[in-house]
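> Handing you this structure, nothing more for now.
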Amino acid sequence: MVRTMRLTLLQPDDWHLHLRDGAALRDVVGHTARHFARAIVMPNLKPPVRTVAEARAYRDRILAALPAGTAFEPLMTLYLTERTTVEEIAAARVSGFVHAVKYYPAGATTNSDAGVSDLDRVRPVFEAMQAHDLPLLVHGEVTDPEVDVFDRERAFVERHLAGIVRDFPALRVVLEHVTTAEGVAFVQQAGRHVAATVTPQHLLWNRGELFRGGLRPHAWCLPVLKREHHRQAVLAAATTGDRFFLGTDSAPHARSAKQSDCGCAGIFSAHAALELYAEAFDAVGRLDRLEAFASERGPDFYGLPRNTRRIALERAEVTVPAELPFGDERLVPMRAGGTLHWRIREDDV
Ligand code: DOR
Ligand code: ZN
């Protein structure tokens, strides 16, 4: 078999990204903007981004934080609460810069306290989103403490997602950061209105990584890493399936916040996102599908144009820094101190 040494692809987008705010935002946004044209920006700030006015202000702060000369389009989202109004949905649709609404079950993950406890209360909002064709982005995990943490995605699909998709058949829904064979199967059997994003960590790691030689707080994210057979199901879907596309869920936290008695969930991957995905696709001999995953299926699902510039990936051994700046603190990136096997070239495409 000929070993691909270099490939070019349309410039990618990141369909699930946490950029934070303030000094932290200034330190992380450049990592994504360097290679990605656009990103769906998560609204789980403190306080969350609940209105179009708040999304506009956050978008302005993101644009102001970009390194000079970078072209990058933040695609904004609203944080769904039990007080979100149908008027806000209509305003989001006409804004031109709000592209989706994010649903966090209250208490499911970082800054999700203002999320939804009772799905019945947001049915009118789902109705409005369906009418205005505004996608719903789902953090698909139940919060029921009786449900084992490794089963929370599967339980969410059974208890909630299936009902949402049944009751709002024209609502576009993204099962964010899919991690299980059951989540994958649900998306595959659903219609073209249902898609999923896939993170680099859920393609490259199974739950063993959390305990490799000791307890690894920098491998802790939500949904938590799963068993190997789930990783394989997610990898097969990303490398062959139609409605699975790139969403890093890059979620920076300071080292001190992760290495603590109760460490925050989130893995920062924006410094090497495409390189890590390339590694995962290469491992199963599917580099030929990387462009569809990274650059085509996302814009097609969102109804946005594909990018037109091309970038090149080449095989190279690159060492990842042990730490990166993060406001007043430092963060530990994915693969810290280790080696990447791909490098991006923008100069000679
Ligand atoms: O690991 C995670 N980190 N999962 C989430 O859902 C949220 C994210 C964050 O904001 O840190
Ligand atoms: Zn996320």
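> Need one number: nm distance between label points at Asp60 and Arg345, each 7 Å from Cα along Cα→Cβ, rounded to one decimal.
My value for the distance between the label points is 4.2 nm.
> State the answer as a single residue: which of Ser295, Gly208, Gly191 lies farthest towards the positive end of the charge dipole of the chain, with beta carbon charges of +1 for Lys and Arg and -1 for Asp and Glu, about the Cα centre.
Projecting each Cα onto the dipole axis, the largest value belongs to Ser295.
> Here's a follow-up. If you place +1 on the Cβ of every Lys and Arg and -1 on the Cβ of every Asp and Glu, how big does the dipole about the Cα centre of segment 55-122 come out, in debye to the nearest 20?
220
> Please give the FRET efficiency for Asp118 paired with Cys262, using the beta carbon to beta carbon distance and R0 = 25 Å, rounded to the nearest 0.05. Before the final figure, lay out each step's value.
Numbers: r = 27 Å, r/R0 = 1.07.
With a Förster radius of 25 Å, E is 0.40.
> Between Thr240 and Glu82, how high is the FRET efficiency from 1/(1 + (r/R0)^6) when r is the Cβ-Cβ distance and R₀ = 41 Å? Nearest 0.05.
Rounded to the nearest 0.05, the efficiency is 0.60.
> Would you mind computing Rg(Cα) / (2.2 N^0.38 Å) for segment 64-179, counting N as its residues?
Dividing the Cα radius of gyration by 2.2 N^0.38 Å gives 1.14.
> What value does segment 179-267 have for Rg/Rh, both radii from Cα atoms and Rh as Kirkwood defines it?
1.02
> Which trypsin sites (Lys or Arg not before Pro) in segment 12-117 pass both tests, a DSSP loop state and at most 11 other beta-carbon atoms within 10 Å?
Those that pass, being in a loop and sparsely packed, are Arg83.
> Could you tell me the distance between the Cα centroids of segment 195-268 and segment 55-128, to the nearest Å?
Here the answer is 23 Å between Cα centres.
> How large is Rg over Rh for segment 40-99, taking Rg from the Cα atoms and Rh as the Kirkwood inverse mean of 1/r across Cα pairs?
0.99
> Just want the answer: with Cβ charges of +1 for Lys and Arg and -1 for Asp and Glu, which residue in Leu7, Phe245, Ala283 is farthest toward the dipole's positive end in the chain?
Leu7
> Could you work out how much longer the chain between Ala170 and Gln189 gets when fully extended? Use 0.36 nm per residue separation minus the Cα distance between them, nm to one decimal.
So the chain would gain 5.3 nm between Ala170 and Gln189.
> Next question. Determine the dipole magnitude for segment 115-173: charges of +1 sit on the beta-carbon of Lys and Arg, -1 on that of Asp and Glu, nothing else is charged, the reference point is the Cα centre, and the result goes in debye to the nearest 20.
Charge dipole of segment 115-173: 260 debye, to the nearest 20.
> Given R₀ = 51 Å, FRET efficiency for Thr4-Asp148 by Cβ-Cβ distance, to 0.05?
0.80
> Please report the antiparallel percentage of DSSP beta bridges with both residues in the chain, rounded to the nearest 5.
35
> Same structure, new question: Summarise the accessible area of the chain (1.4 Å probe, protein heavy atoms) by the percent that is carbon and sulfur.
50
> For segment 248-257, in order, what is each residue's ³J(HN,Hα) by Karplus, 6.51 cos²θ - 1.76 cosθ + 1.60 with θ = phi - 60°, in whole Hz (x at glycine and Pro)?
Once rounded to whole Hz, the list reads 5, 6, 4, 9, x, 9, 4, 3, 5, 6.
> Just the Cα atoms of segment 207-311: what Rg and Dmax do they give in Å?
15.6, 46
> Sorting check: for 5-12, 307-314, 249-256, which peptide has the highest mean count of neighbouring beta carbons within 10 Å, and how do the rest follow?
249-256, 5-12, 307-314
> Also, quick follow-up: Taking only protein heavy atoms into account and a 1.4 Å probe, give the accessible area per residue of the chain in Å².
Solvent-accessible surface per residue comes out at 40 Å².
> Here is a follow-up. Counting residues in the chain as N, plug N into 2.2 N^0.38 Å and put the Cα Rg over that result.
For the chain, the normalised Cα radius of gyration is 0.92.
> Let me ask something additional. So what's the angle, to the nearest 10 degrees on a 0 to 90 scale, between helix 228-240 and the longest Cα principal axis of the chain?
Long axis of 228-240 versus the principal axis of the chain: about 90 degrees.
> What's the magnitude of the charge dipole for the chain around its Cα centre, counting Lys and Arg as +1 and Asp and Glu as -1 at the beta-carbon? Answer in Debye, nearest 20.
For the chain, the charge dipole is close to 540 debye.
The values are calculated or read from the model by the stated rules, or taken from the named source; none is laboratory data. Since we're looking at a predicted model, the values are computed, not measured. Using ideal geometry, Cβ is built from the backbone for each residue, glycine included, and neighbour counts are taken over all protein chains shown. Quick note on the areas: whole protein, heavy atoms, side chains included, nothing else; ligands and nucleic acids left out. Shrake-Rupley method; radii C 1.70, N 1.55, O 1.52, S 1.80 Å.
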